[in-house]
Amino acid sequence: QVQLVESGGGLVQPGGSLRLSCAASGSIFSINAMGWYRQAPGEQRELVAIIFSGGSTNYADSVKDRFTISRDNAKNTVYLQMNSLKPEDTAVYYCNAVLVRIGGRYANPYWGQGTQVTVSS
C-alpha cells in the first residue's frame with residue numbers, strides 16, 4: 001500500500017502565503033517525481049508544479065515566480081510554498097507521486113486526498 005497525506009491548506013487573504021506538505025509512505029522503492037495539481041469548481045485538474053528525482057522542476061505559467069516546489073527525499077515529502085496568493089488560486093490542491101513500489105517493475109501515479117486552498121478577503 002502507498003499513501004500520500006497532504007496538509008497545510010486553508011483560508012488566506014489575497015497577497016498572503018501558505019505552505020502545503022505531502023508525505024508519501026508505504027511500500028515505496030523509488031519516487032521518480034512528485035508534484036501538485038489543482039482543480040477549481042467546474043474546471044479540469046491542472047498541473048501546478050512538479051519536481052523530479054534529480055531536482056529539476058516545472059511550473060505552470062500562472063504560478064511562476066510566486067510558488068516554489070521543493071522535496072525532502074529522505075522523508076519522501078514534497079512541499080509547495082505559495083506566496084502572493086490570488087483569488088484565482090482557489091482550488092483543491094492534490095499531491096501526486098510517480099513511484100515504483102517494492103517488488104514492482106514500473107512507475108505508477110498515486111494521488112493524495114486533496115486539500116482546500118481558499119484565497120479570499
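Observations on the structure shown:
- Using 0.36 nm per residue and subtracting the Cα-Cα separation, the extra length available between residue 100 and residue 81 on full extension is 4.2 nm.
- Rounded, prolate or oblate (a/c below 1.5 giving rounded, otherwise prolate when a/b exceeds b/c) for the chain by Cα gyration tensor: prolate
- Under 5 Å, built H, 5+ apart or other chain: amide partners of residue 48: 36, 37, 38
- The modelled label-to-label distance for the pair residue 53/residue 116, using points 7 Å beyond Cα in the direction of Cβ, is 3.7 nm.
- Calculated on C-alpha atoms, the gyration radius of the stretch 72-116 divided by its Kirkwood radius gives an Rg/Rh of 1.09.
- Remark on residue 90: its backbone amide H falls under 5 Å from those of 119, a criterion applied only to residues 5 or more positions apart or on other chains, H modelled at 1.01 Å from N.
- Of the trypsin sites (Lys or Arg not before Pro) found in the stretch 22-103, those that fall in a DSSP loop while having at most 13 other beta-carbon atoms within 10 Å are 64.
- GluC sites (Glu not before Pro) lying in DSSP loop within the stretch 3-110, provided at most 16 other Cβ fall within 10 Å: 43
- In this rough spin-label picture, where each label sits 7 Å from Cα along the Cβ direction, the residue 45-residue 5 distance is 2.1 nm.
- Compared with the alpha-carbon gap, the fully stretched path from residue 64 to residue 88 is longer by 7.2 nm at 0.36 nm per residue.
- Magnitude of the charge dipole for the chain, about its Cα centre and with charges confined to Cβ atoms of Lys, Arg (+1) and Asp, Glu (-1), is about 320 debye.
Read-outs throughout are calculated quantities, based only on the coordinates presented, and are distinct from any laboratory measurement. Note that this is a predicted model, so its numbers are computed, not measured. Neighbour counts are summed over all protein chains in view; Cβ atoms, including those assigned to glycine, are modelled from backbone coordinates with ideal geometry.
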